[in-house]
Amino acid sequence: MGLRAQLEAIIYAAETPITVEHMVQLVKESAIAEGAADDAEVKSRVRAVLEALVADYGGPDHGIEIRQVAGGYRMSTKPEQHEMVRSFAKSLKPPVRLSLPALETLAVIAYKQPATVPEISEIRGVDSGGVIATLLDRKLITTAGRKQVIGRPILYKTTKEFLLRFGLKDVNELPSMEEFEKLVAESFQGELISAEDAAQSQETDSPSAEEIAESAAQKE
């Protein structure tokens with residue numbers, strides 16, 4: 001990967017303006033491997049590439065620009081595109097807020113699907129019936145028929161919304177459990193709610209898991 005691509009990726013990923021010094025430290029090893037003689041030359045190359053990137057993104061064919069802000073560089077929407085971005089933001093669904101028990105249940109369903117509530121509860125070691133309603137309501141899981149055993153319990157599987165939320169093509173792309181836990185933490189960072197708040201929300205706002213599942217099963 002060339003220096004330009006590296007710096008472009010770094011600025012895009014940075015949550016706050018990133019300084020030239022920080023970027024130099026990040027690309028120093030690869031820049032020296034590509035022929036830079038010392039730190040001074042690495043910094044010179046970084047500055048030259050940054051100037052080129054700023055000029056390129058400043059052109060009319062880009063809706064975003066690279067600006068110097070508070071001593072660093074960051075990408076931002078061009079002023080003339082603000083109204084379009086506001087309209088887009090208003091069209092977005094509100095963020096999904098889940099409790100940790102709900103996330104644990106979602107992980108079990110993702111890897112064991114289709115799965116019944118008793119199977120999920122056995123794996124987690126606690127009753128999971130209460131959080132199923134939340135996952136159904138958020139459209140992260142859906143019913144998948146009934147298991148052909150005594151009592152014919154309802155089976156659950158993940159949905160297209162689940163794939164969209166985690167950026168997966170299909171469930172075959174699911175990472176290892178450890179990687180999935182990290183992905184969950186990143187995807188729902190700042191959106192976790194306590195188990196107490198979740199329970200209170202379910203009591204006041206949500207139908208039971210059985211009511212939602214029975215309704216969905218009747219439509220199949």
> Taking +1 at the Cβ of each Lys and Arg and -1 at the Cβ of each Asp and Glu, which of 85, 71, 9 sits farthest along the dipole of segment 3-90 towards its positive end, judged by Cα position relative to the Cα centre?
Replying inline: 85
>> Can you give me the long-range amide H partners of residue 168? Hydrogens built in the peptide plane at 1.01 Å from N, cutoff under 5 Å, separation of 5 or more residues or another chain.
In response: none
>> Give me the net charge for the shell around residue 65: Cβ to Cβ below 15 angstrom, other residues only, Lys and Arg +1, Asp and Glu -1.
In response: -2
> What are the ³J(HN,Hα) values, in whole Hz, obtained from phi via the Karplus relation 6.51 cos²θ - 1.76 cosθ + 1.60 with θ = phi - 60°, for each residue of segment 26-36 in sequence order, with x given for Gly and Pro?
Replying inline: 6, 9, 3, 4, 6, 5, 5, 5, 8, x, 5
> Hull surface divided by four, with the convex hull built on the Cα atoms of segment 1-105: how many nm²?
Replying inline: 10.0
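Rule-based calculations on the coordinates, nothing more; no lab input. Just so you know, these numbers come straight off a predicted model, no measurement behind them. A quick note on method: Cβ atoms are made from the backbone with ideal geometry, for glycine too, and the neighbour counts reach across all protein chains shown.
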